[in-house]
Amino acid sequence: MAGERTFLCIKPDAVQRGYVGEIISRFEKRGYKLVAMKFMKASDELLKKHYAEHVGKGFFEKLLKYMSSGPVVPMVWEGKDVIAQSRKMLGATNPLKSEPGTIRGDFSIDMGRNICHGSDSTQSAEREINLWFSEKERVEWKSMAESWIYE
Ligand code: UDP
């Protein structure tokens with residue numbers, strides 16, 4: 001389904017290290033369509049909702065500190081199989097297990113500094129998009145490149 005959507009979030013380490021453009025560029029060049037994006041500091045309240053499944057785990061406090069330590073770039077991207085494909089493009093959660101060529105495999109080493117988030121399922125994509133973006137913030141537009149990307 002070409003209309004599938006996912007939630008990606010460029011994390012504070014990537015912003016600090018100047019990888020915002022590079023990360024956006026990879027999804028843009030692949031052919032995926034940007035639907036929403038903002039530049040913001042995430043509140044603890046938002047992060048606790050976003051990472052609800054990890055609340056109480058050993059790494060949670062460090063994760064919260066990391067994700068609230070500076071600005072992030074939350075985004076919604078659209079295209080065929082974008083949820084699974086963007087997870088592949090990101091690489092494994094642990095960058096040491098990520099293949100070279102993936103975003104984490106190319107730009108990171110430690111799990112707690114792994115550069116970019118991507119939804120891992122249809123359900124989490126829907127939940128995360130709704131958590132980070134209002135309906136109004138999602139831009140409906142037709143890409144003129146569409147017929148050059150999809151046969
Ligand atoms: N994380 C960590 N230590 C761990 C597990 C996870 O620091 O042992 C961090 C890491 O930044 C990861 C995030 O918590 O991206 C969320 O973990 P999840 O298992 O959901 O991985 P993801 O979906 O981000 O690949």
Looking at (1) assigned to a helix (DSSP H, G or I); (2) within 14 Å of the ligand (Cβ to nearest atom), which is the one condition that is false for VAL15?
-> (2)
Only listed residue being open to solvent by 90 Å² or more (accessible area, probe 1.4 Å), assigned to a helix (DSSP H, G or I) and of a type outside the set (Gly, Ala, Ser), chosen from GLU140, GLU126 = GLU126
Whichever residue in the range 93-114 is in contact with a Lys or Arg (Cβ under 7 Å, 6 or more places away or on another chain) and within 9 Å of the ligand (Cβ to nearest atom) and, among such residues, is nearest to LEU64 (Cα to Cα) | GLY112
For ALA84, state whether it is in a helix (DSSP H, G or I), among the small types (Gly, Ala, Ser) and surrounded by 14 or more Cβ atoms within 10 Å (Cβ to Cβ).
-> yes
Starting from the range 93-118, take each residue that is free of Cβ contacts under 8 Å to residues at least 12 places away in the same chain and list its partners that are assigned to a loop (DSSP other than H, G, I, E, B), counting only C-beta distances under 6 angstrom and pairs at least six apart or across chains.
-> SER98/GLY91; SER98/ALA92
Among LYS33, LYS29, LYS49, which is more than 19 Å from PHE107 (Cβ to Cβ), open to solvent by 70 Å² or more (accessible area, probe 1.4 Å) and basic (Lys, Arg)?
-> LYS49
The residue from GLY79, GLY118, GLY101 that alone is under 20 Å from GLY31 (Cβ atoms), open to solvent by 50 Å² or more (accessible area, probe 1.4 Å) and of a type outside the set (Phe, Trp, Tyr) is GLY101
Which condition number does VAL82 fail, the rest of (1) β-branched (Val, Ile, Thr); (2) farther than 20 Å from PRO12 by Cβ; (3) touching a helix residue (DSSP H, G or I) at 6+ places or on another chain (Cβ under 8 Å) being met?
-> (3)
Scope the range 14-41; condition touching a helix residue (DSSP H, G or I) at 6+ places or on another chain (Cβ under 6 Å) and more than 18 Å from MET89 (Cα to Cα); matching residues = ALA36
Only one of ALA125, ALA84 that is at pLDDT 95 or above and either away from the ligand (no atom under 15 Å from the Cβ) or in contact with a Ser or Thr (Cβ under 7 Å, 6 or more places away or on another chain) (or both) | ALA125
Taking the range 36-74 as the region of interest, how many residues are within 15 Å of the ligand (Cβ to nearest atom), over 16 Å from GLN16 (Cα atoms) and either without any contact (Cβ under 8 Å) to a residue 24 or more places away in the chain or not in a helix (DSSP H, G or I) (or both)?
-> 14
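The values are calculated or read from the model by the stated rules, or taken from the named source; none is laboratory data. Just so it is clear, the model here is predicted, and its values are computed rather than measured. All Cβ positions, glycine included, derive from the backbone under ideal geometry; neighbour counts span all protein chains shown. Keep in mind that these areas ignore ligands, DNA and RNA; they rest on the heavy atoms of the full protein, side chains included. Shrake-Rupley method; radii C 1.70, N 1.55, O 1.52, S 1.80 Å.
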